[in-house]
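S.K.: Below is a structure I'd like to ask you about.
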Ligand SMILES: C[S@@+](CC[C@H](N)C(=O)[O-])C[C@H]1O[C@@H](n2cnc3c(N)ncnc32)[C@H](O)[C@@H]1O
């Protein structure tokens, strides 16, 4: 095996099955997150921008599985922004349940702005900072400048979406500025992920990663390795999403079948009510016709009797006159 790959000390963590998946551009970085957590072992990690929690859950899963002595904080308003889109309370409810159920021993959710959260952290205490908020140049730059001092001597900062060049994203420009000043490595897959070594002391595997950045052959090998593993995670989610979609279609089909059955039963009841109503009306009509016929016979007999009486009267009159 290639020496650089050996020196990265990659183990089976890059093949772990993610315990939580949701829709996110971050899915493809989960294997790298597992590896980074193993090599960095952050005592304190802070994520700025969590949304459904795909990246955060990868960090938390690592803390659990590697039994790290870490504390982690997820900061988000859980209201959305112009790039992620604005969303409802269901997002916070979902991540809050996840956090309470699995990670509350070491993890806290801070529902507030990044600027408000800054006061709760001291300078030099964060080993891993993940910046994944609004992706304009100004917003990402403000986040970095505001939080930079919180980083420890082992400090690493992750920047997501450094490979997106549309919709007003400007974090790629910030990345270009920053990577000139710090050891770094960048991934292009999954919308791009920048790894910035802001501290001064790094583990040997991290040093290897940063050093590989200046060798395009080595860098490509590392990128390909993590991109392939990332694709596996993305496929796992796509497969589950298709399954969920099919399940929804099946449920809708069952509901439609039920509705059709109920409508059919209703139609049968209406038809039978209509038939018995028609039967009653036909019977009434028949009786009415019979009565009319009987009345007509009576009237004919009365007319006949009147004619008789008229004739008798005329005979009597004729006899009187003669
Ligand atoms: C791109 S999403 C995060 C994605 C997430 N890391 C993942 O793995 O899918 C960005 C999040 O940052 C939050 N956000 C953006 N700017 C913020 C700010 N200034 N303060 C707090 N939250 C912010 C939004 O609410 C949104 O949920």
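The values are calculated or read from the model by the stated rules, or taken from the named source; none is laboratory data. Quantities reported herein were computed from a predicted structural model and do not represent experimental measurements. A quick note on method: Cβ atoms are made from the backbone with ideal geometry, for glycine too, and the neighbour counts reach across all protein chains shown.
S.K.: Are any of the residues in segment 69-77 under 23 Å from residue 209 (Cα atoms) and modelled with pLDDT of 95 or more?
M.R.: The answer is yes, given that some residue of segment 69-77 is under 23 Å from residue 209 (Cα atoms) and modelled with pLDDT of 95 or more.
S.K.: Condition first: assigned to a loop (DSSP other than H, G, I, E, B), at pLDDT 95 or above and crowded, with 17+ Cβ neighbours inside 10 Å. Now tell me which residues in segment 161-184 satisfy that.
M.R.: Within segment 161-184, 161, 162, 163, 179, 183 qualify.
S.K.: For segment 110-129, enumerate the residues that are surrounded by fewer than 23 Cβ atoms within 10 Å (Cβ to Cβ) and part of a strand (DSSP E or B).
M.R.: 110, 111, 127
S.K.: Report, by residue number, each residue of segment 97-115 that is under 14 Å from residue 52 (Cα atoms) and more than 15 Å from the ligand (Cβ to nearest atom).
M.R.: Within segment 97-115, just 97 meets the criteria.
S.K.: Follow-up. Return yes or no: is residue 86 closer than 30 Å to residue 169 by Cα, within 13 Å of the ligand (Cβ to nearest atom), touching a residue at least 60 places away in the same chain (Cβ under 8 Å) and surrounded by fewer than 19 Cβ atoms within 10 Å (Cβ to Cβ)?
M.R.: no
S.K.: Every residue in segment 70-95 that is more than 20 Å from residue 20 (Cα to Cα) and in a strand (DSSP E or B), please.
M.R.: Hits for segment 70-95 are 80, 81, 85, 86.
S.K.: State whether the residues of segment 69-76 include one that is over 27 Å from residue 43 (Cα atoms) and within 13 Å of the ligand (Cβ to nearest atom).
M.R.: Within segment 69-76 (the criterion being over 27 Å from residue 43 (Cα atoms) and within 13 Å of the ligand (Cβ to nearest atom)), the answer is no, since none of the residues qualifies.
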